Each structure stands twice: as C-alpha cells, then as structure tokens.
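Colleague: First the structure, which I've put down as structure tokens, then a few questions once you've had a look.
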Amino acid sequence: MAREKIVLAYSGGLDTSVAVKWINETYDMDVIAYTCDLGQGQDIHAIRDKALRTGAIEAIAEDARNLFIDYFVWPSLMAGALYEGKYPLATALGRPLIAQLMVRVAREHGATAVAHGCTGKGNDQVRFDVTFQTLAPDLKIVAPVREWKWTRTQELEFAAKHGIEVEATKKSIFSTDQNIWGRSIEAGILEDPWVAPPPETFQWTVAPEEAPDQAQEVEITFDQGRPVAIDGKEMDGVELIETANKIAGKHGVGRIDHIENRLVGIKSREIYEAPGAILLHHAHKELETLTLSKESDRFKTLVSQAYADLIYNGLWFSQLHQDLMAFTVSNQQYVSGTVRMRLYKGGMIVVGRKSPNSLYRHELATYEEGDQYDATAAMGFIKIHGLGQTTQAKHQLLNSKAGGPRLELPSIIPPDTTK
C-alpha cells in the first residue's frame, strides 16, 4: 500500500533538511518538497536538487516573485501597511502566498498533509497554520521543529546519523529571513535591546557614515498607488524593487531597529533591512498628501493600521481583508504622479511632487497674482465655525452666574497676569 504524501515548505537549511527524514520515520509519509523564489537570493533549483538527495520523493521549485509583488507587496504598499509604524512586513507577506501555493501542490499530487519548519515561539507558525486551516481544512498540519524541540546539536547529530547533507556545523550568530521586500534579523546578541547591531547584521545597506558624501535625488512614479517607474524608466515589479533596494541601500536608508509586539504575546527585538520598501513607502505617502482629501487621508491611517495588523497576524485570507482592500482600491484611484526624494547618509526627504490629480491648487494657495481665493467668505465661515465655542463661553465658561466648573480641573483659560 502506497504511503500518504505530505508537502513540506523546503528552504534547504538544516531544519527542513532534517525534517524530510524525520517525517519519513515519525509519520511514515512520503515528502514532496516545495520551494518558491520570492526574491530571497537563493538558487531554488539547487535547493530542489538537494531536497531530492535528502530523500524527498519529489521536489518542486518555482519563481513566484511577480505573483508575490503584484498580489501581496503592492496591495500592502497601497494600504500603507507598516506594522507598528516601522516594519514593512516582508516575511509576513510571504507566508500566506507560500502556504497557498503549497495547498495547490497538495491538491495536484493527492497529498493529505502539509508541513513547515516554524518553531512554536514565533509568528510564522500562525501565518502558515491559519492559511492552511482556511484554504484546506482537511489537510493535516505537521510542524517538525515545533514538535521535536531539539537543540541544534541534536539536529546535527540526526543529520550525521542519516547522512543528511548540511552546510552548517554550528549555529549562525543570527536568525535571518529575507525576500525581495526586506530582510529580518534576530537572535544572538541582538536579543539585548541595549546592544547596537554589529556591522555584520546588515547586507543590503551601508552604514550611514560610510554612504556617499554626495546626496542623490530619485524620482518615483506611481499609477493608482502602485509604483511603475524610477527616474522615468518604466519597470516591472521585480526590477523596480531591486533598483529601489540598490539606490536606497547605497545611501544607508532602510535600517530598522524595532522592539516588536509579537502575536504570541511576547516582545522581541527585531532588526529589519528594507531599503526599497522604506523608500517606496515614504514616496507613496508624500504623493497621498497631494492627491487625497484631508478626510480620506486621515481615515486612511486607521485602515493602514488595521491592514498591517491583519497581515502580521496571518489573516490575509479573511473577509476583513476583502473589505479593507475594497476601500484601498477606491482610495488610491487618484494617487498617480511622481515624487522626488533626496537620499543622504541614512536619511531621506521629499523635495518635489507632482500629479495630474493634485488637490494642491496654485490659484487657491498663492499670495501673488492669480489668487482666486475669495477671502471675503472667510468672515462668515469663521463666525459659523466658532459659533458653538463662543455660545458655550458666553453662557457657561465666562459667566460667573453659571457657577463655573464643578470639577477641580486645570483651567483652560490662562490667568490674567497683566493686572
């Protein structure tokens, strides 16, 4: 009788390489290894070959970069999703896509289970498990690292016993994850929030003090909230983000040091490196100030926070996401134009923005010739605008016969010190 099949999210690292054999022994299942390229800078075909050598009955590797950017990264950028105002959610955005693609592979190959290499302490286990439960509740979920609770030494011993090919012989000083939208770095000495990240923490950005002495200006063009060109050159998503990463990283832009509130209830110190993401988020926000009404722009901040929390918490495939996305698409329909940013030694500022849909109107803002603002209308507006306050002041705040405040609160009226 043929053994049941399980689809494993396979990275080629120690954990998932050991997991192939461990699943064979523990669950008596055949493993199909799945690897997708989200721009993490690895040779996915070499990883595929390694999975087969490790004992997988089949290994699948595919390029999902454009899918990732078009359907996950760009919507999050349009929504202004930065978790706790800092983290552009690179890893969090990748997990639901990987899980979705694994479900597809499981269906195509008749698998009855899926597996990932997440620990029981982080957020990624939630993102994988919730997505699996949502899209394929009939599939069994296996999490070897969460189940076996081995030390790294025990993993290496298991690998040696079974002839499993591993590159590492000792634990790296950091735990890292990356895709085209950013890198996350944690653990080791970074667990002390007082310790500054050492230089080897970073790979995509130069230290600000080592950045060029000459500032660089870069123009980013958006169409309905999505970036489409840099310095006038139209690009697809992959080329655009890679270009943004290189430009911003060269100037030391995109380093994030964050004390983060994890979904599982603990605080962690996370270092992120996301030069392109931070550049694009800042430019996008500047274009919104030009093209969104005051009310839409301010309400958008609530949506941005809800959207970021939803992604971080692994609820991508939810009705709330559909609702927030509907608002975002409507909100972004006029967010088209170009923003010019100046980058210099770890910092960046906006120095220009333009849009065919701009709500900034020179004829209304100018104090020079061509002014079309009707100043005579201001007096009536001011009177109506302040009517509620002046009425209350007349009959309560400034009326001694009304008894004054009944609570011992600081007065909002300063004392008269001129007497």
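Colleague: Within the bounds of the stretch 4-12, is there any residue that is under 25 Å from Ile180 (Cβ atoms), assigned by TED's automatic domain parsing to the domain that holds Thr91, in contact with a Phe, Trp or Tyr (Cβ under 9 Å, 6 or more places away or on another chain) and part of a loop (DSSP other than H, G, I, E, B)?
Modeller: Yes, there is a match, as at least one residue in the stretch 4-12 is under 25 Å from Ile180 (Cβ atoms), assigned by TED's automatic domain parsing to the domain that holds Thr91, in contact with a Phe, Trp or Tyr (Cβ under 9 Å, 6 or more places away or on another chain) and part of a loop (DSSP other than H, G, I, E, B).
Colleague: Name, by its number, the condition in (1) under 16 Å from the mean Cα position of the chain (by Cα); (2) on the phi > 0 side of the Ramachandran plot; (3) surrounded by fewer than 23 Cβ atoms within 10 Å (Cβ to Cβ) that does not hold for Asn261.
Modeller: All conditions are met except number (2).
Colleague: Further question: For the stretch 56-108, name all the residues that are within 15 Å of Leu38 (Cβ to Cβ), of a type in the set (D, E, K, R) and under 20 Å from the mean Cα position of the chain (by Cα).
Modeller: Arg65, Asp70, Arg95
Colleague: In a helix (DSSP H, G or I) and surrounded by 14 or more Cβ atoms within 10 Å (Cβ to Cβ): does that describe Gln178? I'd like the intermediate steps shown before the answer.
Modeller: Values: in a helix (DSSP H, G or I): no; surrounded by 14 or more Cβ atoms within 10 Å (Cβ to Cβ): yes.
No: the conditions fail for Gln178.
Colleague: In the stretch 47-61, is there at least one residue being assigned to a loop (DSSP other than H, G, I, E, B) and in contact with a strand residue (DSSP E or B) (Cβ under 6 Å, 6 or more places away or on another chain)?
Modeller: The answer is yes; a qualifying residue exists.
Colleague: Quick check on Ala90: is it touching a Gly at 6+ places or on another chain (Cβ under 8 Å) and either touching a residue at least 24 places away in the same chain (Cβ under 8 Å) or of a type in the set (Lys, Arg) (or both)?
Modeller: yes
Colleague: If you check Pro96 against the conditions, is it over 23 Å from Trp204 (Cα atoms), in contact with a helix residue (DSSP H, G or I) (Cβ under 6 Å, 6 or more places away or on another chain) and assigned by TED's automatic domain parsing to the domain that holds Pro144?
Modeller: yes
Colleague: Residue check, Ile256 against (1) in contact with a helix residue (DSSP H, G or I) (Cβ under 8 Å, 6 or more places away or on another chain); (2) in a helix (DSSP H, G or I); (3) not aromatic (Phe, Trp, Tyr), all met but one. Which one?
Modeller: Evaluating Ile256 over (1) in contact with a helix residue (DSSP H, G or I) (Cβ under 8 Å, 6 or more places away or on another chain); (2) in a helix (DSSP H, G or I); (3) not aromatic (Phe, Trp, Tyr) leaves (2) as the failure.
Colleague: Can you pull out every residue in the stretch 242-253 that is touching a strand residue (DSSP E or B) at 6+ places or on another chain (Cβ under 6 Å) and either small (Gly, Ala, Ser) or free of Cβ contacts under 8 Å to residues at least 40 places away in the same chain (or both)?
Modeller: Result: Thr243, single match.
Colleague: What pairs can you find where one residue is in the stretch 212-241 and closer than 24 Å to Pro356 by Cα, the other is among the small types (Gly, Ala, Ser) and buried (at least 20 other Cβ atoms within 10 Å of the Cβ), and their Cβ atoms are less than 6 Å apart, with a gap of 6+ or different chains?
Modeller: Ile220/Ala283
Colleague: Now, a different point. Could you check, for the stretch 218-234, whether at least one of its residues is assigned to a loop (DSSP other than H, G, I, E, B), of a type in the set (Gly, Ala, Ser) and within 27 Å of Asp297 (Cα to Cα)?
Modeller: To start, the set of residues in the stretch 218-234 that are assigned to a loop (DSSP other than H, G, I, E, B) comprises 224-225, 231-232.
Checking the rest, the ones that are also of a type in the set (Gly, Ala, Ser) come to 225, 232.
Cutting the leftovers down to within 27 Å of Asp297 (Cα to Cα) gives us 225, 232.
Looking for residues that are assigned to a loop (DSSP other than H, G, I, E, B), of a type in the set (Gly, Ala, Ser) and within 27 Å of Asp297 (Cα to Cα), one finds at least one in the stretch 218-234, hence yes.
Colleague: Sticking with this one: Of (1) surrounded by 16 or more Cβ atoms within 10 Å (Cβ to Cβ); (2) touching a Phe, Trp or Tyr at 6+ places or on another chain (Cβ under 8 Å), Trp204 satisfies all except one. Which?
Modeller: Failed condition: (2).
Colleague: If you take the residues in the stretch 1-55 that are under 29 Å from the mean Cα position of the chain (by Cα) and among the aromatic types (Phe, Trp, Tyr), which one is surrounded by the most Cβ atoms within 10 Å (Cβ to Cβ)?
Modeller: Here the residue is Tyr10.
Colleague: Hey, another quick one. Among (1) within 16 Å of the chain's Cα centre (by Cα); (2) at positive phi, which single condition is Gly163 missing?
Modeller: So Gly163 meets the others, but not (1).
Colleague: Check every one of the helices (runs of 4 or more DSSP H) wholly within the stretch 306-397 and list those with 2 or more residues that are modelled with pLDDT of 90 or more and not assigned by TED's automatic domain parsing to the domain that holds Leu89. Please lay out each step first, then the result.
Modeller: Details: elements: 319-331, 362-365, 377-385, 387-392.
Because the criterion is at least 2 residues that are modelled with pLDDT of 90 or more and not assigned by TED's automatic domain parsing to the domain that holds Leu89, the helices (runs of 4 or more DSSP H) in the stretch 306-397 that meet it are 319-331, 377-385, 387-392.
Colleague: Another question, if that's okay. I'm told Glu191 meets every condition in (1) of a type in the set (Asp, Glu); (2) in contact with a Lys or Arg (Cβ under 8 Å, 6 or more places away or on another chain); (3) surrounded by 14 or more Cβ atoms within 10 Å (Cβ to Cβ) except one. Can you identify the failing condition by its number?
Modeller: The failed condition is (3).
Colleague: Same structure again: Return only the number of the condition from (1) touching a residue at least 12 places away in the same chain (Cβ under 8 Å); (2) surrounded by fewer than 20 Cβ atoms within 10 Å (Cβ to Cβ) that His284 does not satisfy.
Modeller: (2)
Colleague: Among the residues of the stretch 36-74, how many are β-branched (Val, Ile, Thr) and in contact with a helix residue (DSSP H, G or I) (Cβ under 7 Å, 6 or more places away or on another chain)?
Modeller: Selection size over the stretch 36-74: 4.
Colleague: Identify, by number, the condition in (1) part of a helix (DSSP H, G or I); (2) of a type in the set (Ser, Thr, Tyr); (3) modelled with pLDDT of 95 or more; (4) crowded, with 21+ Cβ neighbours inside 10 Å that Tyr71 doesn't meet.
Modeller: If we test Tyr71 against (1) part of a helix (DSSP H, G or I); (2) of a type in the set (Ser, Thr, Tyr); (3) modelled with pLDDT of 95 or more; (4) crowded, with 21+ Cβ neighbours inside 10 Å, just (4) comes out false.
The values are calculated or read from the model by the stated rules, or taken from the named source; none is laboratory data. Predicted model, so just to flag it, every value in this text is computed and none were measured. Every residue, glycine among them, receives a Cβ derived from its backbone with ideal geometry; neighbour counts consider all protein chains shown.
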